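Just below is one structure, and these are the notes that go with it.
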Amino acid sequence: MMATETAGRAERYVALDAMRGVAALLVVILHSERMLQGQWAPGGYLAVDMFFALSGFVIAHSYDARIAAGLSSLRFVTLRAIRFWPLYVLGLSLGILHQLLLILTHNDHAMSFGVLALASFLALIFVPGPVRHGGNLYPLNAPSWSLFMELIANAAYAIAFPKLTARVLGVIAVIGGLGFAILCLRHGSADLGATIGTLAGGVARTAFSFAVGLLIYRKRWRPFALPVPMLAAIVTLLLICPVPSGWRAIYDIVFVLILSPVLVAVGASSRPSPRLMGVSARVGLVSYPVYAIHRPLIDIITPVVEKLQIPPLVAAILFVVGLILLGLMLDRFFDQRVRRIITVRLGLRQERPLPEASLP
């Protein structure tokens, strides 16, 4: 997924792919609380901070040299938007379908047709639309807030590229980290950014982790290597670890400011064994499709699971396995093809395959 020229050969950071894929699946578990009849990944939202750090690392790796060589900000942002667009729109479509099902079944949580039309239009042009109680920026597919933040961070990176020295990135990281820590303590957790009321916290999370990811790549920080299964296990344990409510904010601050950057740096230092190379790459490949569509699918499928009285664990296992298989098919038969069509229609040169970060 991530290739850089080293001593005349392509080096792959496949361990980061595996970490990203595992983190995306833990976000699915986080949002499957109703299906599982309990919360099995209480810290799953912290995966987003790792996604942002991975994004900074990946963007620096893939685009620093190209922007320095003359790639325009507009072209860069266009390429990034194309990367996100097909699966983002598919996730939005599933969110609209969920709301239509609620309307048809006269569910108390259904939007009115007017609100649904407004939310759909705003989301289609990627504009946040907190149009209902609760203030979700993207009420039809809540995780889309992080994709919005990712695009904003990408645009800021391209526009400010000549000024993003290590010192400037350090200042951004310090300011973002301090702002995040303060808002996290006030909120009680790092679960910030998805709603209009926590938007500032989302901006701080993004600024810190994205800047740190850029720094990790540019400073070539490679502390030590670990086996990929151990890395995946550490990520999993950190995100499923139950934390007393009084300590949640402290735990989240430590994870976001320290553990997440260290994990990204260690992942960049690590290489899977030949036997795990293909599996790790595929786990990373499925991460974005899974992330983009999982929430509305959960909302649509959970009532069916309850009506059929499928045991929660069985339902969750079937759902996750099905979601992974669907993600692989979407990547191959939908996402890549639609992006290719859009690229050709816009008259852009077909870009070589690039690692995708956040998002992740």
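The values are calculated or read from the model by the stated rules, or taken from the named source; none is laboratory data. Just so it is clear, the structure is predicted and the values come from calculations on it, not from any experiment. In this analysis, Cβ positions are derived from the backbone assuming ideal geometry, glycine residues included, and neighbour counts consider all displayed protein chains.
Can you tell me which residues in segment 234-250 are surrounded by fewer than 21 Cβ atoms within 10 Å (Cβ to Cβ) and either of a type in the set (Val, Ile, Thr) or within 19 Å of the chain's Cα centre (by Cα) (or both)? Full working, then the answer.
So the first thing to find is which residues in segment 234-250 are surrounded by fewer than 21 Cβ atoms within 10 Å (Cβ to Cβ), and the list is 234, 236-238, 240-250.
Passing the criteria: Ile234, Thr236, Leu237, Leu238, Ile240, Val243, Ile250.
Restricting segment 251-305 to residues that are under 23 Å from Ala142 (Cα atoms) and of a type in the set (Ser, Thr, Tyr), which is surrounded by the most Cβ atoms within 10 Å (Cβ to Cβ)?
Ser287
How about segment 1-85: which helices (runs of 4 or more DSSP H) wholly inside it have at least 3 residues that are at pLDDT 95 or above and surrounded by 24 or more Cβ atoms within 10 Å (Cβ to Cβ)? Spell out the reasoning first.
Values: elements: 14-31, 33-36, 47-68.
Hits in segment 1-85: 14-31, 47-68.
Exactly one of (1) loosely packed, with under 15 Cβ neighbours inside 10 Å; (2) not in a helix (DSSP H, G or I) is unmet by Arg132. Its number?
It fails just one condition, (1).
Please find, among Tyr45, Tyr13, the residue that is of a type in the set (Phe, Trp, Tyr) and in contact with a Pro (Cβ under 8 Å, 6 or more places away or on another chain).
Testing whether each residue is of a type in the set (Phe, Trp, Tyr) and in contact with a Pro (Cβ under 8 Å, 6 or more places away or on another chain) leaves just Tyr13.
Look through Val168, Val174, Val203 and report the one residue that is touching a helix residue (DSSP H, G or I) at 6+ places or on another chain (Cβ under 8 Å), at pLDDT 95 or above, over 21 Å from Ala268 (Cβ atoms) and surrounded by fewer than 20 Cβ atoms within 10 Å (Cβ to Cβ).
Values: Val168 fails: touching a helix residue (DSSP H, G or I) at 6+ places or on another chain (Cβ under 8 Å); Val174 fails: touching a helix residue (DSSP H, G or I) at 6+ places or on another chain (Cβ under 8 Å).
Matching residue, one of Val168, Val174, Val203: Val203.
Looking only at segment 321-342, which residues are surrounded by 16 or more Cβ atoms within 10 Å (Cβ to Cβ) and within 17 Å of Leu26 (Cβ to Cβ)?
Leu323, Ile324, Gly327
Test Leu346 against the stated conditions and say whether it is at pLDDT 95 or above and surrounded by fewer than 20 Cβ atoms within 10 Å (Cβ to Cβ).
On the way: at pLDDT 95 or above: no; surrounded by fewer than 20 Cβ atoms within 10 Å (Cβ to Cβ): yes.
Here the answer is no, as Leu346 does not meet what is asked.
Quick one: count up the residues across segment 86-122 that are aromatic (Phe, Trp, Tyr) and surrounded by 15 or more Cβ atoms within 10 Å (Cβ to Cβ). It would help to see each step written out before you state the result.
Looking only at segment 86-122, we keep the residues that are aromatic (Phe, Trp, Tyr), and these are 88, 113, 121.
Checking which are surrounded by 15 or more Cβ atoms within 10 Å (Cβ to Cβ) leaves us with 88.
Number of matching residues: 1.
On the given criteria, is Leu74 touching a residue at least 60 places away in the same chain (Cβ under 8 Å), out of contact with any strand residue (DSSP E or B) (no Cβ under 7 Å at 6 or more places or on another chain) and not acidic (Asp, Glu)?
Values: touching a residue at least 60 places away in the same chain (Cβ under 8 Å): no; out of contact with any strand residue (DSSP E or B) (no Cβ under 7 Å at 6 or more places or on another chain): yes; not acidic (Asp, Glu): yes.
So Leu74 does not fit the description; no.
Please determine, by comparing only the residues of segment 206-233 that are surrounded by fewer than 16 Cβ atoms within 10 Å (Cβ to Cβ) and among the aliphatic types (A, V, I, L, M), which one is farthest from Leu46 (Cα to Cα).
Ranking the qualifying residues of segment 206-233, first place goes to Ala225.
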